[in-house]
Each structure stands twice: as structure tokens, then as C-alpha cells.
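See structure below.
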Amino acid sequence: MLRAGGVLKLVAVLSAFFLAIFLAFQLLDIKKDFNIGSIFARSMPEEVAPTVPSRYKCGLSKACPAGHFSFKIASGAASVVGPKICLEDNILMSGVKNNVGRGINIVLVNGESGALIKTDFYDMWAGDVAPFIKFLKEIPDGTVVMMATFDDPATKLNEEARTLISELGSSAVNGLKFRDNWIFVGGKGIKTKTPFEQHIKNSPKTNKYEGWPEVLEMEGCIPQRRV
């Protein structure tokens with residue numbers, strides 16, 4: 001039989017042994033938790049603030065530089081949907097505004113301030129070209145001129161009218177024919193041909209709509225006139 005002192009020593013040794021084992025497992029658990037936490041910390045993606053896509057004037061794909069006017073223009077769709085003309089985030093002509101019509105739709109804008117001068121449309125199918133010619137002759141120098149076709153722009157468009165539009169910077173107006181689509185941005189007093197012009201011919205082989213070509217759309221930045 002063990003003496004009382006021996007029993008106490010044995011109990012102390014066993015207690016120390018079990019305490020050492022307990023501490024070892026505690027350290028292992030701490031280390032394990034630390035490693036797992038570190039792994040998750042490294043693997044979890046950083047929170048990224050949601051990005052809101054930028055919106056530019058008239059819905060342009062990019063902002064215009066200082067000293068330029070933002071514009072977007074679309075021709076009419078067949079004889080159903082009228083053209084749409086936007087400048088500096090202001091819709092100047094559209095079917096919703098009820099100020100478009102068959103033929104050539106036209107907007108006049110002050111080239112220095114961007115202020116709207118006038119909007120109008122001239123029926124080139126059943127109308128008279130004389131009022132259109134008078135309108136073109138009276139455009140003040142320095143005016144930005146924006147045009148978009150709807151239905152038919154060419155049947156009544158004579159040589160004099162075409163020449164006056166050509167002087168505004170158009171390269172395509174002389175080739176404009178029955179039910180062609182055409183959009184144009186030029187100016188009174190412009191010295192060169194404008195880069196802002198698109199023309200698509202009415203052709204049974206390529207028309208998107210029965211009897212009419214597809215809609216034309218164009219956007220860009222018009223240099224502000226400096227006085």
C-alpha cells in the first residue's frame with residue numbers, strides 16, 4: 001500500500017500531466033482558429049461600393065469637352081415615329097413634344113449661347129418648297145443648324161434648296177432622294193463640310209421597314225462659336 005505522501009505525489013504528477021495536455025489542446029485550438037480566420041480574411045473579397053454608371057447630356061456615351069455643346073439626333077422611323085433632336089440635355093424636337101412632321105425637320109440654335117432660336121418642319125412630299133427656301137435664306141450667321149428627315153424629304157426639294165443646305169456644310173444633300181433617311185448638323189457661315197452627317201438610301205434590298213430604310217442616329221460635340 002502506498003503511503004499518504006506517495007498518494008499525494010502521484011495525484012500531483014497526474015494533475016500536472018493532465019493540465020499540460022489541457023493547455024496543449026487549448027494552444028492548438030487557438031492556433032487553429034487563428035489560421036482559419038486568417039484564411040477567411042484573405043479569401044473574402046473586399047467590399048466594393050456599388051458604382052453608378054455616369055450619365056452624360058442627351059445620353060451621350062461620353063462627356064463633351066468644355067466649350068462644346070452635346071447633341072444627339074435621330075431620323076424618323078418610316079412614316080410612323082418622328083425624329084428626335086436633343087441639345088445640351090434638352091429635347092428640342094420629338095413626337096412627344098408634337099412639333100415634328102413629314103419632310104425635313106429643322107432646329108436653329110444660337111452658336112454662341114446654345115439657346116434655341118426656332119424649330120420647324122417642311123413637307124417635301126405634298127408641301128411647297130418656297131417657304132423652306134425663304135426660311136433657309138433668313139438663317140442668321142453663326143447659327144447651328146440641325147436637320148432630320150421623316151417619311152419623305154426629297155420629292156419637292158429643288159436645286160436651290162439643296163444649294164442652300166450645301167452652304168450650311170452638307171455633303172450629302174445633293175444625293176438625297178425619295179424616302180431616304182438623312183440627319184445633319186451644320187451652321188450658317190461654316191467654312192468647311194461638317195463631320196456631322198449621315199445618309200442612308202431607300203432601297204428594297206436593304207430597307208429595314210417596308211418601303212423605308214432604318215433609323216439613323218448620331219451624337220457628338222459641337223464647338224461653341226467664339227465671337
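The values are calculated or read from the model by the stated rules, or taken from the named source; none is laboratory data. Predicted model only: the values in this text are computed from it and were never measured. Here the Cβ is made from the backbone with ideal geometry for all residues, glycine too, and neighbour counts use every protein chain on show. Side chains included, ligands, DNA and RNA excluded: accessible areas come from the protein's heavy atoms. Shrake-Rupley method; radii C 1.70, N 1.55, O 1.52, S 1.80 Å.
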Which distance in nm do the two modelled labels at Asp120 and Ser166 give, with both placed 7 Å along the Cα-to-Cβ direction?
2.3 nm
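Taking a quarter of the surface of the Cα convex hull of the range 82-149, what do you get in nm²? Walk me through the numbers before you get to the answer.
Values: hull surface 17.8 nm².
Quarter of the Cα hull surface area: 4.5 nm².
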Give me the percent of the accessible area of the range 88-167 that comes from carbon and sulfur atoms, probe 1.4 Å, all protein chains in place.
49 percent
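Compute the accessible area per residue over the range 148-227, keeping the other protein chains in place, probe 1.4 Å, unit Å².
Numbers: 4320 Å² over 80 residues.
Heavy-atom accessible area per residue stands at 54 Å².
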Taking a straight Cα-to-Cα line shorter than 13 Å from Lys191, and setting aside same-chain aspartates and glutamates fewer than 8 residues away, one finds Asp141, Glu167
Stretchable slack from Asn202 to Glu217, in nm (0.36 nm times residue separation minus alpha-carbon distance)
3.8 nm
Please list 106-113, 197-204, 148-155 highest first by mean number of surrounding beta-carbon atoms within 10 Å per residue.
148-155, 106-113, 197-204
Post the alpha-carbon centroid distance, the range 124-182 to the range 66-106, in whole angstrom.
16 Å
Per residue and in cubic angstrom, what volume does the convex hull of the Cα atoms of the range 164-211 have?
74 Å³
Counting only protein heavy atoms and rolling a 1.4 Å probe, one gets per residue an accessible area for the range 88-143 in Å² of 49 Å²
Which entries in the list Lys97/Lys118; Lys84/Lys193; Lys177/Lys205; Lys97/Lys177 go over 18 Å, if you measure between the two C-alpha atoms of each?
Lys84/Lys193; Lys97/Lys177
